[in-house]
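Everything below concerns the one structure shown next.
Nothing in this text is a laboratory measurement; each read-out follows from the coordinates by a stated rule. None of the values given here were measured: they were computed from a predicted structure. Positions of Cβ are backbone-derived with ideal geometry, glycine not excepted, and every protein chain shown enters the neighbour counts.
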Amino acid sequence: MKTIVIANPVSGSFNKEKFEKCLKILNKKLTNINVIFTEYASHAEKISNEEDYDLIITAGGDGLINEVINGIESRVDKNKPILFYNLPFGTSNVFCREYNIPVKPEFAAERMRITEFDSIPLGFIGGRYFALMLGLGFDATAVKLVDLDFKKKYGKLAYIKSGLHSFLFTKFTPFNVYVKGKKINTYHMIVAVSNRYAGNFILSKAFKKNRLNIFYLDSESKLKLLNNITSVSLFRGFKGKKTTCDILKVSDIDECQLDGDFFKLNSKNNFVRLKKSSFYLIKSL
Ligand SMILES: Nc1ncnc2c1ncn2[C@@H]1O[C@H](COP(=O)(O)OP(=O)(O)OP(=O)(O)O)[C@@H](O)[C@H]1O
């Protein structure tokens, strides 16, 4: 089995010694491993899109995973079965938490079980796939305002800082969402295929797997926004309105966060669709 390990040396918790340990463990399970360190943002997407491999293992965080799933899903040889796994070297590692991959990289390598795998739900908007969630309104501005140098030094604190700034100083504008025959006017929205949010928080106890889970606030009130942020931070889930679907249309907005990174859409009108991954995520023990 041809394996590529893509490591992001600037991932939040990347550590050379730990990575070497992981490689030793992987070498006992696999032969023919090619290790590539990314040299720039989007390098992983190019590799996963163009290289020939059967198994791709990322060593990084949710941003790196997002690049790789986009690379895989846009391959020309779409029908080739590809296996995927991640060693969590990121800051928040939401993907690993969602799919029960240990958050210690050496344990993740140890417990990788190549004989068990499954496709996973993905969301799709404006030509990009997401494996966790799409965020609009507060979520998007909070991610847009993240100071990357501060994030490198202080990790998740960078999100608290940018979240506070976004909450206090952003005047949010409403946008429209069309879902299940209804038009919703909203200010903040999350469309999730993962119940984990910003680390170990949970969006809802009633989260539906293999659906687009929509959480939104249809009020401008900052008090309601604060109430909601507090509820999520206290592990009580999203307090606003909720629904689920397989497709929706989002209008009058082009800034969002995808899997924790800021993204500017090409148009202010977009469909969001649920898809099944063409690759198979390897499970861990
Ligand atoms: N060599 C590189 N130099 C600069 N940026 C890179 C490089 N390789 C990857 N990147 C970018 O770094 C971003 C963040 O990386 P990654 O997701 O691995 O770590 P993280 O942000 O610390 O983790 P998390 O997303 O879990 O919070 C990715 O979105 C990717 O585009």
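Below, the figures for the structure above:
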read-out	value
Above-threshold pairs, the threshold being 25 Å between Cα atoms, out of Lys161/Lys224; Lys224/Lys276; Lys222/Lys276; Lys16/Lys153	Lys224/Lys276; Lys222/Lys276
Ellipticity estimate at 222 nm from DSSP helix runs (n ≥ 4, -39,500 (n - 2.57)) divided over the chain, nearest 500	-8500 deg cm²/dmol
Listed residue (Pro88, Ile36, His188) projecting farthest to the positive dipole end of the chain, Cβ model	His188
Translational diffusion of the range 1-94, µm² s⁻¹ [Kirkwood Rh, Cα pairs; Stokes-Einstein; 4 °C; 1.567 mPa s]	98 µm²/s
Gain in span if fully extended, Val10 to Leu148, counting 0.36 nm per residue against the direct Cα distance	48.6 nm
FRET efficiency estimate (nearest 0.05) - Cβ-Cβ, Lys208 to Phe169, R0 51 angstrom	0.90
Length released on extending from Glu50 to Glu17, taking residue separation times 0.36 nm less the Cα-Cα span	9.0 nm
For the range 72-173: Kirkwood Rh in Å [reciprocal of mean 1/r, alpha carbons]	16.4 Å
Cα-based helix-to-principal-axis angle, 222-233 vs the chain, degrees rounded to 10	30 degrees
Over the range 179-285: Kirkwood hydrodynamic radius from C-alpha pairwise inverse distances, Å	15.2 Å
Base-10 log of normalised Debye intensity for the range 94-252 (one unit scatterer per alpha-carbon) at q = 0.14 Å⁻¹	-0.78
Asn27/Arg273 FRET efficiency (R0 51 Å; Cβ-Cβ; nearest 0.05)	0.85
Angle in degrees between helix 16-29 and the longest Cα principal axis of the chain, rounded to the nearest 10	60 degrees
Kirkwood-based shape ratio for the chain, expressed as Rg/Rh from alpha carbons	0.96
The chain, relative contact order [Cα under 8 Å, separation at least 6], %	22 percent
Contour excess over end-to-end distance, with Cα ends at Ala41 and Lys80 and 0.36 nm allotted per residue	11.5 nm
Burial order of peptide ranges 23-33, 81-91 (average beta-carbon count within 10 Å, highest first)	81-91, 23-33
Per residue convex hull volume, Cα atoms of the range 231-285, in Å³	180 Å³
